[in-house]
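Have a look at the structure below before the remarks.
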Amino acid sequence: MRSFHFSWQGMLAILFCLLAIPALPLLAADAAAPVSSGTTFVIFILIVAAAALSFMRLSADLSAATLFFGAHAAGWLLIAGISGNEGKAQASFFILIAAAWLLAWRCVSVLSSMRSHSTAGNYTLRLLIPAIFGIWILIIWEAVTRGAGVSLVLLPPPSAIGARIANSIPTLWIDVRQTILTAVLIGYIIGCASGFVVAILADRFAFLRRGLLPIGNFVSALPIIGVAPIMVMWFGFDWQSKAAVVVIMTFFPMLVNTVTGLAAAGNMERDLMRTYASSYWQTLFKLRLPAAAPFIFNALKINSTLAMIGAIVAEFFGTPMSGMGFRISTENGRLNLDMVWAEIAVAAIAGSVFYGIVAIIERMVTFWHPSIRGGQA
């Protein structure tokens with residue numbers, strides 16, 4: 001018995017397979033292209049075999065690989081079977097999707113318990129685990145929308161959104177260039193840089209710190225839908241008004257985090273700098289700014305998402321004939337929901353890449369910090 005161990009995900013997956021048998025077939029009798037009995041049998045074998053192997057004390061690598069293959073192969077066969085048969089899925093189809101998802105859950109649990117002895121292996125695990133999560137969100141989304149025949153107006157499946165992205169690359173590129181490469185980047189750089197400089201001044205002069213921080217909290221509470229139309233009236237309909245909104249949204253997070261970070265250096269370290277007769281600026285650059293680096297990068301990461309939100313929302317209140325917010329507003333009025341979701345997907349991907357770049361730079365710059373070293377262990 002020592003060669004076996006309990007896996008509740010595997011147990012539930014097998015139980016779901018047993019529940020799916022009396023509910024067969026997978027599709028309604030009037031389906032245009034019913035799933036063959038051979039394909040159905042293969043799906044059952046994949047799920048049951050992977051679940052049974054999850055009870056055995058295999059190596060973590062082999063166990064994860066088996067679960068990964070069984071879950072995703074079964075999921076792919078089920079999704080392929082529903083293609084062209086929208087709205088014809090029976091209860092057994094959804095039960096088997098749930099069983100395959102349980103195997104993916106077990107796979108992620110095994111991967112989470114693994115520890116690699118190489119840096120490349122650790123990075124692979126960090127990417128693979130959220131990738132499996134994301135893939136199964138898409139699989140379940142696809143299965144529910146196609147299997148239940150959900151209207152494209154209510155919620156298009158990921159495959160329709162992907163097809164729209166592939167067919168609308170020139171339009172999407174124009175919108176990305178107008179929104180992200182112009183308004184977001186320029187506003188982000190100006191807002192973060194000015195917030196950092198003002199934070200240094202506020203740290204140097206107490207009256208600025210006492211006066212600006214309460215105002216910063218006040219401005220941070222202003223609703224963007226109230227600020228955006230004012231910026232459009234002041235700076236026009238082009239990217240300048242969107243960049244102004246981004247500056248307002250990114251300035252005060254950087255200010256508050258930098259001021260907080262500059263106060264993070266301990267009294268003992270400051271006393272040591274005084275014994276070396278260090279000036280204010282020497283102490284700032286050699287002690288206090290390095291100590292504040294995690295706070296500064298925290299503000300940069302927060303602002304990377306705030307900048308995207310601010311620019312897109314600002315485009316709802318006036319913009320040239322391009323831009324992600326403009327396209328979302330226009331296509332929503334035309335009920336072209338697949339294009340709306342395509343813009344949302346591109347914005348989410350761009351925001352995640354932006355955040356990831358800042359996080360990578362943070363690890364390179366603050367490699368010495370305990371929080372970074374602890375995360376790499």
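Values for this structure:
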{"quantity": "Tally, over region 294-330, of residues that are modelled with pLDDT of 85 or more and more than 26 Å from Tyr355 (Cβ to Cβ)", "calculated": "1"}
{"quantity": "Ile95 outside the structural domain of Gly216 (by the TED database), farther than 16 Å from Trp341 by Cα and open to solvent by less than 50 Å² (accessible area, probe 1.4 Å)", "calculated": "yes"}
{"quantity": "Options Gly195, Gly216, Gly187; residue that is closer than 19 Å to Phe317 by Cβ and touching a helix residue (DSSP H, G or I) at 6+ places or on another chain (Cβ under 9 Å)", "calculated": "Gly187"}
{"quantity": "Residue in region 264-272 that is in a helix (DSSP H, G or I) and touching a residue at least 40 places away in the same chain (Cβ under 8 Å) present", "calculated": "no"}
{"quantity": "Test: residue in region 20-42 that is under 31 Å from the mean Cα position of the chain (by Cα), modelled with pLDDT of 90 or more and open to solvent by less than 40 Å² (accessible area, probe 1.4 Å)", "calculated": "no"}
{"quantity": "The listed residue being in the same structural domain as Thr260 (by the TED database), among the hydrophobic types (A, V, I, L, M, F, W, C) and touching a residue at least 60 places away in the same chain (Cβ under 8 Å), out of Ile230, Ile225, Ile189, Ile169", "calculated": "Ile225"}
{"quantity": "Test: residue in region 187-199 that is within 30 Å of Met339 (Cβ to Cβ), surrounded by 13 or more Cβ atoms within 10 Å (Cβ to Cβ) and either modelled with pLDDT under 90 or within 21 Å of the chain's Cα centre (by Cα) (or both)", "calculated": "yes"}
{"quantity": "Residue within region 322-344 that is closer than 24 Å to Ala193 by Cα and without any contact (Cβ under 8 Å) to a residue 40 or more places away in the chain present", "calculated": "no"}
{"quantity": "Hits in region 104-139 (condition: within 18 Å of Ala73 (Cα to Cα), open to solvent by 60 Å² or more (accessible area, probe 1.4 Å) and in contact (Cβ under 8 Å) with a residue 24 or more places away in the chain)", "calculated": "Trp105, Phe133, Ile135"}
{"quantity": "Residues being more than 16 Å from Ala98 (Cα to Cα) and of a type in the set (Gly, Ala, Ser) - total across region 8-48", "calculated": "8"}
{"quantity": "Failed item in (1) more than 22 Å from Pro158 (Cα to Cα); (2) surrounded by fewer than 21 Cβ atoms within 10 Å (Cβ to Cβ); (3) among the aromatic types (Phe, Trp, Tyr), with Phe16 passing the rest", "calculated": "(2)"}
{"quantity": "Region 289-334, subset under 30 Å from Ile361 (Cβ atoms) and among the hydroxyl-bearing types (Ser, Thr, Tyr), residue nearest to the chain's Cα centre (by Cα)", "calculated": "Thr305"}
{"quantity": "Pairs with Cβ under 8 Å, 6+ apart, first in region 348-364 and closer than 12 Å to Tyr188 by Cβ, second among the aromatic types (Phe, Trp, Tyr) and modelled with pLDDT of 90 or more", "calculated": "Val358/Phe297"}
{"quantity": "Qualifying residue in region 2-11 (condition: open to solvent by less than 30 Å² (accessible area, probe 1.4 Å), among the small types (Gly, Ala, Ser) and either in contact (Cβ under 8 Å) with a residue 12 or more places away in the chain or within 20 Å of Ala91 (Cβ to Cβ) (or both))", "calculated": "yes"}
{"quantity": "Which listed residue is crowded, with 16+ Cβ neighbours inside 10 Å and in contact with a strand residue (DSSP E or B) (Cβ under 9 Å, 6 or more places away or on another chain), from Gly75, Gly147, Gly70", "calculated": "Gly147"}
{"quantity": "Segments classed as helices (runs of 4 or more DSSP H), wholly inside region 202-262, with at least 2 members that are hydroxyl-bearing (Ser, Thr, Tyr) and surrounded by 17 or more Cβ atoms within 10 Å (Cβ to Cβ)", "calculated": "239-262"}
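The values are calculated or read from the model by the stated rules, or taken from the named source; none is laboratory data. Model, not experiment: these values are computed from the prediction. Neighbour counts run over all protein chains shown; Cβ positions are idealised from the backbone, glycine included. Heads up: the accessible areas ignore ligands, DNA and RNA and are worked out on the full protein's heavy atoms, side chains in. Shrake-Rupley method; radii C 1.70, N 1.55, O 1.52, S 1.80 Å.
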